[in-house]
Amino acid sequence: MSFRTHMDAALHEARSAATRGEVPVGAVVVSPSGEVIAAAGNRTRELNDPTAHAEILAIRAACTTLGQERLTDHDLYVTLEPCPMCAAAISNARIARLYYGAADPKSGGIAQGPRIFAQPQCHHAPEVYDGLSAKASEDLLKAFFAAKRQG
């Protein structure tokens, strides 16, 4: 089976988040057969919930859909490098592979900052692939924050 990216679906969720006034981050959980099981964009403002990041919402939805607390052999596509909270959730969910777009030097938890998966307390580390659709992800974030500064 050849590799097929699902970053377009994650970018769609990020654009929808921006339309709602949320920081434009999107995530999708993909089954071993390549089916999108769950998709979400940030909803922290809408839900008044600081944990309502795209990754957390997508993981919760996928676990609910499948009726299980772990997503072994599943992939997660995210438009922005996950923060430490989301990295811990990804580990706890036992996601097999993480694909993300833009790096997050300020708040990232994978390649930046605390590097959650490299910590001895981390019980599971997924395979990590960065830079997928990075420019599109970065452009979306830059445009969102530029508009906030002007408005």
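The values are calculated or read from the model by the stated rules, or taken from the named source; none is laboratory data. Values in this document were obtained by computation on a predicted structure and should not be read as measured data. Please note: Cβ atoms are built from the backbone with ideal geometry, for glycine as well, and neighbour counts cover all protein chains shown. In case anyone asks, the SASA skips ligands and DNA or RNA and just uses the protein heavy atoms, side chains included. Shrake-Rupley method; radii C 1.70, N 1.55, O 1.52, S 1.80 Å.
Of the strands (runs of 3 or more DSSP E) lying entirely inside segment 75-142, those containing at least 1 residues that are buried (at least 23 other Cβ atoms within 10 Å of the Cβ) and either free of Cβ contacts under 8 Å to residues at least 60 places away in the same chain or out of contact with any Leu (no Cβ under 7 Å at 6 or more places or on another chain) (or both) are 75-80, 97-102. With respect to (1) of a type in the set (Val, Ile, Thr); (2) out of contact with any Ser or Thr (no Cβ under 8 Å at 6 or more places or on another chain); (3) more than 22 Å from residue 145 (Cβ to Cβ), the lone exception for residue 37 is condition (2).
Go through the residues of segment 45-68 one by one and say whether even a single one is of a type outside the set (Gly, Ala, Ser), in contact with an Asp or Glu (Cβ under 8 Å, 6 or more places away or on another chain), open to solvent by 30 Å² or more (accessible area, probe 1.4 Å) and part of a helix (DSSP H, G or I). Outline the logic, then answer.
Just the residues of segment 45-68 that are of a type outside the set (Gly, Ala, Ser), to begin with: 45-51, 53, 55-57, 59-60, 63-66, 68.
Subsequent filtering for residues that are in contact with an Asp or Glu (Cβ under 8 Å, 6 or more places away or on another chain) retains 45-46, 63.
Now restrict to residues that are open to solvent by 30 Å² or more (accessible area, probe 1.4 Å): 45-46.
If we keep only those that are part of a helix (DSSP H, G or I) too, we end up with 45-46.
Yes: segment 45-68 contains one or more residues that are of a type outside the set (Gly, Ala, Ser), in contact with an Asp or Glu (Cβ under 8 Å, 6 or more places away or on another chain), open to solvent by 30 Å² or more (accessible area, probe 1.4 Å) and part of a helix (DSSP H, G or I).
Restricting attention to segment 8-24, and to residues there that are part of a loop (DSSP other than H, G, I, E, B) and touching a residue at least 60 places away in the same chain (Cβ under 8 Å), which single residue is least open to solvent (accessible area, probe 1.4 Å)? In this case the residue turns out to be 24.
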